Amino acid sequence: MKSWVDLYGEHQWLRGMHDREVANELRAVLRRLSEKPYAALRRDAQSRLVEARAPRSTTVQYTLGRERSGEALLLSELPEPVRDRVALREALLSVLLRFDRSVQRLQELNIMLSGLRLDGTPWALAVHLPHEDRTLGRPQGDREGLGACGHAALHCHVGPTLDVKPKIRVPLPPLRPAQIVEWMISQAIPTPEFEPAPWPGVEAMLHPS
Amino acid sequence: MREPGVAIAGAIARDEGGLAFITCPDLDLRDWLVREVESLVPSDARPFRTSSVAEALGEPNRMALIIPNDEAEVVRDLDACRDQALEPPRTQPIVLFLLRDGDGHHTLALEAPSAWSWAGGSDVDPEALAELDMDAEREAFTAEVGTTPEEWLVPWRSQDVPRTQENFTRAFWAMTLE
Amino acid sequence: MSFDWKALTPHRPLDSNGVQYVVPPSGFAERIAPLVATGTTTVLVGGPVGVGKSTELARITALLRDERVACLVRLDRHENIRRLTPDQMFSRITRDLVELARIESARRGRGTQISAALLGALRVAGTVASQVTGVSIPVPEVSFTGSPRSLLDAALSEVARATGYTRISLIVDGLEKLPDTPESSEVLAALGQISDEVDIIAVVPWHVAFGVPEDTIRPAALFASLPAPGVDGTSGLAGRQFLADILTERLGLPREHLSENEDASQILGLSGVKLGRAMVLEAARWSGGLPRTFLQLMADAAQYAQIRRGGAWPNESDLADAIADQKDSFRRALLPGDSDAVRKVEGTDGREMELSRKIRLLARGVILERRQGSKYFLDIHPLAQPLLEGKRNA
């Protein structure tokens, strides 16, 4: 039980973020992903991360693209050896973040990658951190489901769709939004070009000579 | 409806070797906006920070981010030296960060028509653009979906709407607009 | 099909080699060059920013080059105009003149006739570099030293003789940025001290245009204002077509792609791209006739299309956002009291407007001088108009 409580605590701690810093981190990742020679996203993806806030509100949101369908991954345009390793025909990436700027806190996170496999069947990957506020409509806040194990606050859905049962919710360590995007792309395009932490680099950092 | 990031990126990219202004509400946000621009521009722009027009002009192949100590003087210098950016032709723009309604904008309006003209249309206030036009957004939502945000959220909250990417996005915007 | 929108370069005037030049409805250069060729020795040029003064000066230079030495001096490309001194101006003119002479001599197949004595003196004075167009200039053992003014006079005499022309025309760009100070008056007066044997065509600041321009540089100077062509209604057809032609030239398209039929959009049949003539004409109307503003609108709209959708050609929404961007710029150009003052003089000759305000707003094109028959009247720029009516969005 304690480890699940600790994980929940780590997710609460994770929420303490400055929205502009998060946005800059995300933009750096999106920029890298949209620059050749290995561009997974259309160029200037970093400028399509849109900041928006309602008037007289401390809430600010960041969304990737105002179009509701998200950003298409340029899978068919990847150079050949990379393209051959991709098991997806098409995929869309969407990023939805909501912050309370007055207390520098991430309230809600939804990062999704979904599309079709090569055989045309659907595939979806979604990382959620539910809104933490407890309201009349959502008295549980970010404590969804039965508990901190089966429904960790920061969790990832994997499946053909998000509705197909059994609904899998993988508990995630406290990853920042930019890291989540990096991880998702690394799952969709599992090649060295899209691995942000290759093992030799990990080794070098663990044991600097 | 203009998006702040797109407006900044477009203003900077529009004229090869041109001039863009980024308007900042205060000095703290100015620092953040400089970092935002650094995160937005292509890697080969090799941006560098300076407070001097001469230094900016001296690096025609790097994006100069001018963060002035004296806005009025920098604007005057830019106005007078503007065409020096044509010879040799710059390949990267100059981006000047000015306080909203500050000395720089006042000097542009009063004394510096050339600099003002060069940056015409590339003069962005990202904080102002980030504020949603709620009426327009609600209208766009309703036109696209056929119901108001509040009406759309009812079946969503009772789990009667499929959990697709599109619906998660709609729910997110509906909660912003309700 | 893709278009090179970076080629629009709204901030860069055309060079004097004539490529991409489009004759404006006013035929400005085509009118001024013959006047100079037939005896008008001093022409002062004015007009709002972005109207194309530098481009027209380059065109005048090209038109005069057939039968005289026509030297285009772009002072603002090398000097901080606010700190310009008469000596700096003379030195820059001399440098450009000598370089032009060497190029002209090479073009006509003759070796340079500029004397080693003059080149050496200019090198010692720092006016020319140790190498000029590939030729080393030795430092003479005993060099002539003279003031920048005297060196310019010497250069003028040698260049005229060396190139075989009897007449030199200096086309001076950049002086419109001179502030209204006594130092600026000295610079302008110094320009006028150049020999009457030399024509001077120069852009001048607005405070000169509203002073006594005829006596500012030389007595009986001709003041010629480059107008922004009208772009509204039937009378604005030529103006809109002029701007559309500039766009096609800069994009490297045949002119007929955006010509003739006012209402049609022409489908090129390549990748399904529609060249929206109607949209281009809409941008022309919003530009008020100022070429730079028009090119900025189109380039801005194209950036929105490119960044948002990877689109080759902007749509109406992209243009609407580009217009909103320009309106923001115009709004920031307005100072307290401007709105009322502009509304009061719209349609009049503007004599009721306080001079410094008029100069400031005319210089930026917030108000534009238009002509109807023999009468001049003030018009409000289309991008400023909604701001004065209190509307903030398109």
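Does A:Gly120 fit the bill of being at positive phi and either in a loop (DSSP other than H, G, I, E, B) or touching an Asp or Glu at 6+ places or on another chain (Cβ under 7 Å) (or both)?
Details: at positive phi: yes; either in a loop (DSSP other than H, G, I, E, B) or touching an Asp or Glu at 6+ places or on another chain (Cβ under 7 Å) (or both): yes.
Yes.
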Taking the stretch C:149-185 and keeping only residues that are more than 24 Å from C:Leu362 (Cα to Cα), part of a helix (DSSP H, G or I) and either modelled with pLDDT of 90 or more or polar (S, T, N, Q) (or both), one is left with C:Arg149, C:Ser150, C:Leu151, C:Leu152, C:Asp153, C:Ala154, C:Ala155, C:Leu156, C:Ser157, C:Thr163
If we keep just the residues of the stretch B:153-178 that are over 24 Å from A:Gly115 (Cβ atoms) and at the interface with another protein chain (Cβ under 9 Å from one of its Cβ atoms), which is surrounded by the most Cβ atoms within 10 Å (Cβ to Cβ)? B:Thr176
Under the condition of being small (Gly, Ala, Ser) and outside any loop (DSSP other than H, G, I, E, B), which residue from the stretch C:225-251 is surrounded by the fewest Cβ atoms within 10 Å (Cβ to Cβ)? C:Ser235
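Here is a yes/no grid of residues against (1) over 14 Å from C:Lys177 (Cβ atoms); (2) more than 10 Å from chain C (Cβ to nearest Cβ); (3) touching a residue at least 40 places away in the same chain (Cβ under 8 Å); (4) buried (at least 24 other Cβ atoms within 10 Å of the Cβ):
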{"residue": "B:Glu71", "(1), (2), (3), (4)": "yes, yes, no, no"}
{"residue": "B:Arg76", "(1), (2), (3), (4)": "no, no, no, no"}
{"residue": "B:Asp79", "(1), (2), (3), (4)": "no, no, no, yes"}
{"residue": "B:Leu98", "(1), (2), (3), (4)": "yes, no, yes, yes"}
{"residue": "B:Asp101", "(1), (2), (3), (4)": "yes, no, no, no"}
{"residue": "B:Pro113", "(1), (2), (3), (4)": "no, no, no, yes"}
{"residue": "B:Ser117", "(1), (2), (3), (4)": "no, no, no, yes"}
{"residue": "B:Asp123", "(1), (2), (3), (4)": "yes, no, yes, yes"}
Selection count, the stretch C:59-101, where residues are in a helix (DSSP H, G or I), within 18 Å of C:Ala160 (Cα to Cα) and touching a residue at least 60 places away in the same chain (Cβ under 8 Å): 9
Taking the criterion of being facing another protein chain (nearest Cβ under 10 Å) and either β-branched (Val, Ile, Thr) or surrounded by fewer than 23 Cβ atoms within 10 Å (Cβ to Cβ) (or both), would at least one residue in the stretch A:75-90 satisfy it? no
Boolean, B:Asp133 is charged (D, E, K, R), more than 8 Å from chain C (Cβ to nearest Cβ) and free of Cβ contacts under 8 Å to residues at least 60 places away in the same chain: no
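Given the criterion of a type in the set (S, T, N, Q), in contact with a helix residue (DSSP H, G or I) (Cβ under 8 Å, 6 or more places away or on another chain) and buried (at least 18 other Cβ atoms within 10 Å of the Cβ), identify the matching residue among C:Thr61, C:Thr94.
Details: C:Thr61 fails: in contact with a helix residue (DSSP H, G or I) (Cβ under 8 Å, 6 or more places away or on another chain).
After ruling out the rest, the residue left standing is C:Thr94.
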Residues of the stretch B:1-48 being away from chain A (no Cβ under 12 Å), closer than 24 Å to C:Ser329 by Cβ and more than 14 Å from the chain's Cα centre (by Cα), which ones? B:Asp15, B:Glu16, B:Gly17, B:Gly18, B:Asp26, B:Leu27, B:Pro47
Test: C:Asp66 is on the phi < 0 side of the Ramachandran plot, within 14 Å of chain B (Cβ to nearest Cβ) and of a type in the set (D, E, K, R): no
Per the filter on the stretch B:105-162, residues within 17 Å of the chain's Cα centre (by Cα) and in a helix (DSSP H, G or I) are B:His105, B:Trp116, B:Trp118, B:Pro126, B:Glu127, B:Ala128, B:Leu129, B:Ala130
In the stretch A:33-52, which residues are out of contact with any Phe, Trp or Tyr (no Cβ under 9 Å at 6 or more places or on another chain) and closer than 20 Å to B:Val34 by Cβ? A:Asp44, A:Gln46, A:Ser47
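The values are calculated or read from the model by the stated rules, or taken from the named source; none is laboratory data. Note that this is a predicted model, so its numbers are computed, not measured. Reconstructed Cβ throughout: ideal geometry from the backbone, glycine too, with neighbour counts over all protein chains shown.
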